[in-house]
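Remarks on the structure that follows.
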Amino acid sequence: MDRDRNKSLLQELLKVPGNDRCADCGAPGTEWTSYKLGVFICLNCSGIHRNLPQISRVKSLWLDFWENDLIEFMKNHGNLCAKAKYEAKVPPYYYIPRSQDCLVLREQWIRAKYEREEFVATRVYQDPCSAGSREGFLWKRGRECRQFQKRRFILSAGEGVMKYYTKESGSPKAIISIETLNAMFQTEKIKHIHGLQITYSTDGQTRNLFVYHESGKEIVDWFNAIRAARYHYLRTTFPAVPEPEDSSEQGHVFIGRTDEGYEVRAGFPQGVQMKKRKPGITMVTPTREFVFMCENDREQREWIDALNGVLAQPLTG
Ligand code: ZN
């Protein structure tokens, strides 16, 4: 009878706002918890928490036994409480992964939040210019031989460029403008669990760099550094664009002009993988990317044309 009572107490806790979606990836259906952190999480994220016994302890809501004081602890904590504490200062350029994202992104998000406490209120906010500056080695796939070779990379948000070197000394092999720089994890394409695809355009052509690093933290830090550099570039190039609003506000996308940093692209951005292969559109704004799904290629083309028409128009009124 104690068991039944506890079960209904836990069921009540799931109805508390915030607890019905995974504290880490936002997936619906939270049947697991970290009873050390006081959060309700999904099955996938519970697997990551299980590997971090120094900061987290996992319990199933329905399969495990719950002591009364633990239920009381969960009641006094919960997802919104944890979010207020561990996500107090997530920088606007930092990529918050969703359930469809690759493992390294989700794992490093969880580690950054709870293990390294990177986003708690007492942390000093790192400005995008310094967050977007980084130097180190990455394994880069060769253009012809397709072998991975260790290359030194330098990202400088202040200078607005990323460079990489093939030799210890001397001039860089390539100097890439941050203006068109983009990065997304492509673990299957690169055949490495930390595989990152960096794209940029030069002379009107899109080019790719395929890189990885053995350390999950290192590659995700590079990924977010590129995002920070890009964010810094957009904020300094288009200073009139308002700061991003609270991310909980959804449903409206303000569309500015191309010369204000707005752009329409075919396809999906980082982390968006569709089960059904439907064509998509990404609306890039100076501070965020929005994704739209289309029924077919024709619809995608029509929407891109229509959105580009809006972008080309000067704002009135
Ligand atoms: Zn999750």
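With contacts defined as alpha carbon pairs under 8 Å and 6 or more residues apart, what's the relative contact order of the chain in percent?
12 percent
Once Rh for the range 2-86 is found with the Kirkwood sum over Cα pairs, what is the Stokes-Einstein diffusion coefficient at 4 °C and 1.567 mPa s, in µm²/s?
After rounding, the answer is 104 µm²/s.
If you rank Lys278, Lys36, Lys167 by how much accessible surface each has, with a 1.4 Å probe, what is the order from largest down?
Lys167, Lys36, Lys278
Could you order Leu103, Leu37 by accessible surface area, starting with the largest, using a probe radius of 1.4 Å?
So, going from the largest accessible area down, we get Leu103, Leu37.
On a 0 to 90° scale, report how tilted helix 216-237 is relative to the longest principal axis of the chain, with both axes built from alpha carbons and the result rounded to the nearest 10.
60 degrees
Place a point 7 Å from the Cα of Phe137 along the Cα-to-Cβ direction; which residues of the range 149-173 have their backbone N under 19 Å from it?
149-155, 163-173
Considering only protein heavy atoms and a probe of 1.4 Å, how much of the accessible area of the chain is carbon and sulfur, as a whole percent? Numbers along the way, then the final one.
On the way: 8830 of 17790 Å².
Carbon and sulfur atoms account for 50 percent of the accessible area of the chain.
Send over the Kirkwood Rh of the chain, from the inverse of the averaged 1/r over different Cα pairs, rounded to one decimal Å.
21.7 Å
Exposed loop sites here are chymotrypsin sites (Phe, Trp or Tyr not before Pro) in DSSP loop states with at most 12 other C-beta atoms within 10 Å. What is the longest stretch of the chain lacking them?
Between exposed loop sites, the widest span is 126-253.
Starting from the range 102-186, pick out the GluC sites (Glu not before Pro) whose DSSP state is loop and whose Cβ has at most 16 other Cβ atoms within 10 Å.
Glu117, Glu144, Glu159, Glu168
Measuring with a 1.4 Å probe in the full set of protein chains, what accessible area per residue, in whole Å², belongs to the chain? It would help to have the intermediate numbers written out before the result.
Details: 17790 Å² over 317 residues.
Result: 56 Å² of accessible area for each residue.
What is the Cα radius of gyration of the range 57-106 over 2.2 N^0.38 Å, N being its residue count?
Against the empirical 2.2 N^0.38 Å value, I get 1.52 for the range 57-106.
Share of Cα-Cα pairs in the range 133-237 beyond 20 Å, in percent?
Roughly 35 percent, once rounded to a whole number.
Per the Kirkwood formula on distinct C-alpha pairs, the Rh of the range 106-150 is how many angstrom?
Numbers: mean 1/r = 0.0733 Å⁻¹.
Across the range 106-150, the inverse of the average 1/r is 13.6 Å.
Using helices alone, what [θ] at 222 nm do you get for the chain, with -39,500 (n - 2.57) per DSSP H run of 4 or more residues, divided over all residues and rounded to the nearest 500?
Roughly -8500 deg cm²/dmol at 222 nm, from the helical runs in the chain.
Run a plain Debye calculation on the range 148-196 (Cα atoms as equal point scatterers, no solvent) and give log10 I(q)/I(0) at q = 0.18, 0.23, 0.25 Å⁻¹, rounded to two decimals, same order as the q list.
The Cα Debye sum returns log10 ratios of -0.70, -0.95, -1.00.
The values are calculated or read from the model by the stated rules, or taken from the named source; none is laboratory data. In this text the structure is predicted, and so the values were computed from the model without any measurement. Please note: Cβ atoms are built from the backbone with ideal geometry, for glycine as well, and neighbour counts cover all protein chains shown. Quick note on the areas: whole protein, heavy atoms, side chains included, nothing else; ligands and nucleic acids left out. Shrake-Rupley method; radii C 1.70, N 1.55, O 1.52, S 1.80 Å.
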